[in-house]
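> I'd like to ask some things about the structure below.
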Amino acid sequence: MSIDFKNPDYAAVMRERCERQARINAASAAKIEALKAYYAAHIAEFISDFGMTMDPRVAAKGRSPFMPFVLFPKQIDLVEFIVRKWRTGAPGIVVKSRDVGASWIAMAVSCSLCIFHKNMMIGVGSAKEIKLDRTGDPDSLFYKARQFMQYLPLQFRGSWAIDAHAPYMRMLFPDTVSSITGEAGDSIGRGGRKAIYFVDEAAHIERPALVDASLASTTDCRIDMSSVAGTANSFAEKAMGGKIERFDFAWQDDPRKDQAWYDKKAEELDPITLAQEIDRNFSASIEGIVIPSIWVTASVDAHIRLKIAPSGKRQGSLDVADTGIDKNAFAWRYGNCLEGAKSWTGKNSDIFATAEKAFMLCDELSLASFNFDNDGLGAGISGDARIINARRKADGLRAIAVESFRGSGEVLQPEKQMVPGRKNQDFFANLKAQSWWHLRFMFQQTWRASQGLSFDRSMVISIASGFPEISRLLLELSQPVYSINTAGKILIDKAPEGMASPNLADAVMMCFAPRKAVMRITAAALQAAEEVT
């Protein structure tokens, strides 16, 4: 059943559930067992079909605080992420905005797995006990678990009873001999081996080294879930290090929230709290952020809000990864509208395969050209592109123009002024700094437009919503910081405090970088090269 999450019709959902319950009540034991087997493999569907949640804030709107737990798409993705991590025995990181339902999902998934699987031992840890369990507190994790279990149909709840099987910081499942246990502070991970261990609000653990040591021998599937609290903590190091798969859950992924909601939060919260807890910006408390997260947020679907129809060139950009944990990234634009960005691993691949994928994306997206990072490993793209274009010509396909971007190179138009009063050659250390500053100016113009201030319409940048990796991109765009070298010129640090390289953001920066007449591997250039040989 489709549902309007801003104005949900829960009466219709409950009618459907009543009909479903009637069918279950009339079903044979064999059919119920088959249904359990189905839901064991479809946890998100089970939660949406039978789960209940609770939000005391909606009582002020005349609605019951108890409501069906109907998952929206990103919540379904989170359920599937957790289950996949459990099945593969791997750790995961969940970087979340405030109030997206992640804690409810963690407890609902835990209960569901314990219902359907025998000897399922799950651990839940938090910095303080009151975050885990406090009588009558709907913000505590075990309150959520008890509420979820209490409202399930008897056919799934079985012999579980709240008085007998839900003591302090524990949930027992007698029919499957499974359990969920809670531990706080330095005691996290001391209670024995677990199939899954959730560390809630992991950025706020006081002594993470002790917790890391305990959990290393306790579980293979540790899932840290937290809002952001700067970079000086273990959670930030793991989330930005790139070694553990990360799940980004932005407020824009929550259909209950919109720009008006965000604007209200911007009025209520101080800028750093807003950037960290709402925008998930690890660098919020770091000085010298190139593009503030509030500017990035204002750019999402700005072309729609400002009624600016995209027009101009359709082009892409490629950020080339190494063969380790880093990822290749490709971004594409239509005029001043970023239509999308995607990344893929460079592991077990080579530069030629990366170039081929970039050409394939150009065909899929109807792009006439793309540029690439010519510093480091990307330098080989130019030769590979020449070979690929030659093959395309032989196959009767169009040539795709390929441009070189060298961030370490000299600035463009050195005598002109991007920043009033300073020549480009005196203000920027290199082309990378100039290009990031150009992107900063574009985001600033979009933010000014969103505030009703004067702005340069031709410089507004918009990020079209809806592509899968937008949450990661929005976070990465506010990661780079700037400093001033001994010559008084701007330098860019893309990965401060040991953070992973922001590959998606790098691709976007190159996509919108100011242009000059550079090497272009066009059809004419290809023909000239063939004549020389």
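The values are calculated or read from the model by the stated rules, or taken from the named source; none is laboratory data. Computed from a predicted structure; not experimentally measured. Cβ placement follows ideal geometry from the backbone for every residue including glycine, while neighbour counts extend to all protein chains displayed.
> In the stretch 159-174, what residues are exposed (fewer than 14 other Cβ atoms within 10 Å of the Cβ) and touching a residue at least 12 places away in the same chain (Cβ under 8 Å)?
Within the stretch 159-174, the subset exposed (fewer than 14 other Cβ atoms within 10 Å of the Cβ) is 159, 161-164, 167-168, 174.
Ser159, Ile162, Tyr168, Pro174, listed by residue number.
> Now for a different question. Quick one: how many residues across the stretch 26-49 are closer than 23 Å to Ala106 by Cβ and in a helix (DSSP H, G or I)?
As a first pass, look at the stretch 26-49 and keep what is closer than 23 Å to Ala106 by Cβ: 36, 38-49.
Filter again for in a helix (DSSP H, G or I), leaving 36, 38-40, 43-49.
The number of residues fulfilling the criteria is 11.
> Another one. Take the residues of the stretch 375-402 that are closer than 19 Å to Leu504 by Cβ and either not β-branched (Val, Ile, Thr) or not in a helix (DSSP H, G or I) (or both): which is modelled with the highest pLDDT? Before you say what the answer is, go through the steps one by one.
Quick first cut of the stretch 375-402, residues closer than 19 Å to Leu504 by Cβ only: 375-378, 381.
Still in the running and either not β-branched (Val, Ile, Thr) or not in a helix (DSSP H, G or I) (or both): 375-378.
Working: Asp375: 84, Gly376: 75, Leu377: 74, Gly378: 74.
Across the stretch 375-402, the extreme among qualifying residues is Asp375.
> It is to be established whether one or more residues within the stretch 381-391 are within 29 Å of Asp326 (Cα to Cα), over 31 Å from the mean Cα position of the chain (by Cα), surrounded by 19 or more Cβ atoms within 10 Å (Cβ to Cβ) and aliphatic (A, V, I, L, M).
yes
> Could I ask something else about it? Here are some residues: Asp253, Asp212, Asp220. Which one is surrounded by 20 or more Cβ atoms within 10 Å (Cβ to Cβ), modelled with pLDDT of 90 or more and of a type in the set (Asp, Glu)?
On the way: Asp212 fails: surrounded by 20 or more Cβ atoms within 10 Å (Cβ to Cβ); Asp220 fails: surrounded by 20 or more Cβ atoms within 10 Å (Cβ to Cβ).
Result of the check over Asp253, Asp212, Asp220: Asp253.
> Next up: Show the residue pairs meeting these rules: Cβ distance below 8 Å; 6+ apart or different chains; first residue within the stretch 138-154 and more than 20 Å from Lys36 (Cα to Cα); second residue of a type in the set (S, T, N, Q).
The qualifying pairs are Pro138/Gln147; Leu141/Ser103; Leu141/Ser126; Lys144/Thr53; Lys144/Ser103; Gln147/Thr53.
> Further question: Within the stretch 260-303, restricting attention to residues that are over 23 Å from Gly230 (Cα atoms) and without any contact (Cβ under 8 Å) to a residue 60 or more places away in the chain, which residue is surrounded by the fewest Cβ atoms within 10 Å (Cβ to Cβ)?
Ala260
> Find all pairs meeting these conditions: Cβ atoms under 6 angstrom apart; at least six residues apart or on different chains; first residue within the stretch 428-457 and assigned to a helix (DSSP H, G or I); second residue surrounded by fewer than 21 Cβ atoms within 10 Å (Cβ to Cβ) and charged (D, E, K, R).
What qualifies is Gln445/Asp456.
> Sort through Pro73, Pro65 and tell me the only one that's exposed (fewer than 15 other Cβ atoms within 10 Å of the Cβ) and touching a helix residue (DSSP H, G or I) at 6+ places or on another chain (Cβ under 7 Å). If you could, list the steps in order and put the result at the bottom.
Details: Pro73 fails: touching a helix residue (DSSP H, G or I) at 6+ places or on another chain (Cβ under 7 Å).
Going through Pro73, Pro65 in turn, just one is exposed (fewer than 15 other Cβ atoms within 10 Å of the Cβ) and touching a helix residue (DSSP H, G or I) at 6+ places or on another chain (Cβ under 7 Å): Pro65.
> Another question about this same structure. Across the stretch 239-250, what is the number of residues that are surrounded by 21 or more Cβ atoms within 10 Å (Cβ to Cβ) and part of a helix (DSSP H, G or I)?
2
> Another question, then. Would you confirm, using the coordinates I've provided, whether Ala232 is closer than 23 Å to Ser285 by Cβ, modelled with pLDDT under 90 and either buried (at least 20 other Cβ atoms within 10 Å of the Cβ) or aromatic (Phe, Trp, Tyr) (or both)?
Details: closer than 23 Å to Ser285 by Cβ: yes; modelled with pLDDT under 90: yes; either buried (at least 20 other Cβ atoms within 10 Å of the Cβ) or aromatic (Phe, Trp, Tyr) (or both): no.
Here the answer is no, as Ala232 does not meet what is asked.
> Taking the conditions exactly as written (crowded, with 19+ Cβ neighbours inside 10 Å and among the acidic types (Asp, Glu)), does Glu183 satisfy them or not?
Details: crowded, with 19+ Cβ neighbours inside 10 Å: yes; among the acidic types (Asp, Glu): yes.
Yes.
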